[in-house]
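The values are calculated or read from the model by the stated rules, or taken from the named source; none is laboratory data. Just so it is clear, the model here is predicted, and its values are computed rather than measured. Note that we place each Cβ from the backbone using ideal geometry, even for glycine, and neighbour counts take in every protein chain shown. When the accessible area is computed, the model is the full protein with side chains, heavy atoms only, and any ligands, DNA or RNA have been set aside. Shrake-Rupley method; radii C 1.70, N 1.55, O 1.52, S 1.80 Å.
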Amino acid sequence: MGSTAAALLLLAAVPAVFAVTFKVGDNAGWAGGVDYTTWVSGKTFRVGDTLEFKYGPSHSVSVVDKADYDGCETSRPTQSFSGGDTKINLTRVGAIHFLCPSPGHCLGGMKLAVPVLAAVSSAPSPSPSGSSPSPSPGNAENVKNAESKRTMSYGMIGVTMVLMYGVIR
């Protein structure tokens with residue numbers, strides 16, 4: 001077996017991480033009147049994924065700790081974003097807390113807690129009970145899209161490897 005074929009086999013054996021971009025609030029975006037607790041349920045967020053916040057000029061995005069999230073305390077953000085289109089890469093495992101610091105917005109429900117899991121380095125394994133949680137009807141499409149994107153990425157890597165092999169041969 002030539003070194004090229006060995007390299008391709010090695011590439012096939014090395015798992016890859018596939019990131020998904022989630023548009024916060026779906027079509028409503030980052031705005032008042034959206035139930036972000038419902039929005040986050042049924043979704044799986046992993047290190048490497050991205051949250052995209054789209055919002056109007058009366059809003060912004062602050063990253064806060066859990067205590068400030070719980071109390072809607074807006075004066076001590078660890079990060080602040082404005083401009084209407086903010087993409088935040090999820091870089092660590094654990095809950096990450098966001099809120100809108102505009103007066104009254106957090107108290108009105110403009111806050112989001114995102115539980116982040118470790119990145120997947122291979123195909124997901126079935127849950128111990130053999131069943132997976134069923135997403136609520138409102139989230140089924142987003143869950144389906146996220147898993148579809150991850151699956152599509154595996155397919156693209158396979159096609160790329162076959163094409164590379166044909167070119168290198």
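Assorted remarks:
- Residue list for region 69-120, restricted to those being free of Cβ contacts under 8 Å to residues at least 40 places away in the same chain, within 20 Å of residue 37 (Cα to Cα) and touching a Pro at 6+ places or on another chain (Cβ under 8 Å): 74, 94, 95
- Of all residues in region 64-78, none satisfies being within 14 Å of residue 30 (Cβ to Cβ) and not aliphatic (A, V, I, L, M).
- Listing of helices (runs of 4 or more DSSP H) fully contained in region 1-113 that carry 1 or more residues being at pLDDT 95 or above: 36-40, 66-71
- Filtering 109, 71, 104 for residues that are in contact with an Asp or Glu (Cβ under 8 Å, 6 or more places away or on another chain) and open to solvent by less than 60 Å² (accessible area, probe 1.4 Å) leaves a single hit, 109.
- Test: residue 66 is on the phi < 0 side of the Ramachandran plot, within 18 Å of the chain's Cα centre (by Cα) and either open to solvent by 60 Å² or more (accessible area, probe 1.4 Å) or among the charged types (D, E, K, R) (or both): no
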